[in-house]
Amino acid sequence: MQLPKFYFQIPENTPPPFLVGQVSATDADSGRNSHIKYKIHPGTSGSTNFAVYPNGGIVALVKFDREKLGTYVFHVEASDSGKLPLSESATVKIKIIDVNDCAPTFSVTSYDVAVDENMPHGTEIVQVKAEDHDLNENSKLSYQLNSNQSHVIQLIKVDRQSGVVIARGW
């Protein structure tokens, strides 16, 4: 009996239960001795979060959060149906794919700065900082002023990429 390594990817936050993939083994025996059943080795990192059907289908039992844990590795055992069953184990690795599920948060919620009334145009006033715990494209931030006060927008602007607030000039 031979089992390769299995690798699957699933998006985080998918409601359970759902089919992740299928493992399969081959057995050179014939008849009853060639009928294969599968199970997860207890005590491996994914054994409580996944189930394996006797036909090799791997099912997710929980909703996964990539920000908590991004990869699960466990072992699946395939055994034949002989009078003295033979078995073999394979490694299953499941990568949790990031989705844009984390809102940006500011490291400081309020910025108090003093400015000169004759501050020249282009002077940096303050830099605001936020972070997003998602990955890659999902973690890219852009900054903008959110003000209904038109006189504020006439006096300052924010660099969309850096978060630097700049004086437009008085």
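Values as computed for the structure displayed
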read-out	value
Hey, Pro85 farther than 30 Å from Val165 by Cβ, free of Cβ contacts under 8 Å to residues at least 12 places away in the same chain and touching a strand residue (DSSP E or B) at 6+ places or on another chain (Cβ under 7 Å) or not	yes
Search result, residues across the stretch 12-40 that are open to solvent by 60 Å² or more (accessible area, probe 1.4 Å), in a loop (DSSP other than H, G, I, E, B) and polar (S, T, N, Q)	Ser24, Ser30
Pick from the stretch 71-112, criterion of a type in the set (Asp, Glu) and assigned to a strand (DSSP E or B), ranking: most open to solvent (accessible area, probe 1.4 Å)	Glu88
Subset of the stretch 130-158 [in a loop (DSSP other than H, G, I, E, B) and touching a strand residue (DSSP E or B) at 6+ places or on another chain (Cβ under 7 Å)]	Leu141, Tyr143, Gln144, Leu145
Any hit, the stretch 118-125, residues being farther than 30 Å from Gly56 by Cβ and assigned to a strand (DSSP E or B)	yes
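Every residue, every condition in (1) within 13 Å of Ile94 (Cα to Cα); (2) outside any strand (DSSP E or B); (3) small (Gly, Ala, Ser), yes or no:
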| position | (1), (2), (3) |
| --- | --- |
| Pro42 | no, yes, no |
| Ser45 | yes, yes, yes |
| Ile58 | yes, no, no |
| Arg66 | yes, yes, no |
| Leu69 | yes, yes, no |
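The values are calculated or read from the model by the stated rules, or taken from the named source; none is laboratory data. Keep in mind that what you see is a predicted model, and the values were worked out from it rather than measured. Here the Cβ is made from the backbone with ideal geometry for all residues, glycine too, and neighbour counts use every protein chain on show. Accessible surface is based on the protein model in full, side chains and every heavy atom, while ligands, DNA and RNA are left aside. Shrake-Rupley method; radii C 1.70, N 1.55, O 1.52, S 1.80 Å.
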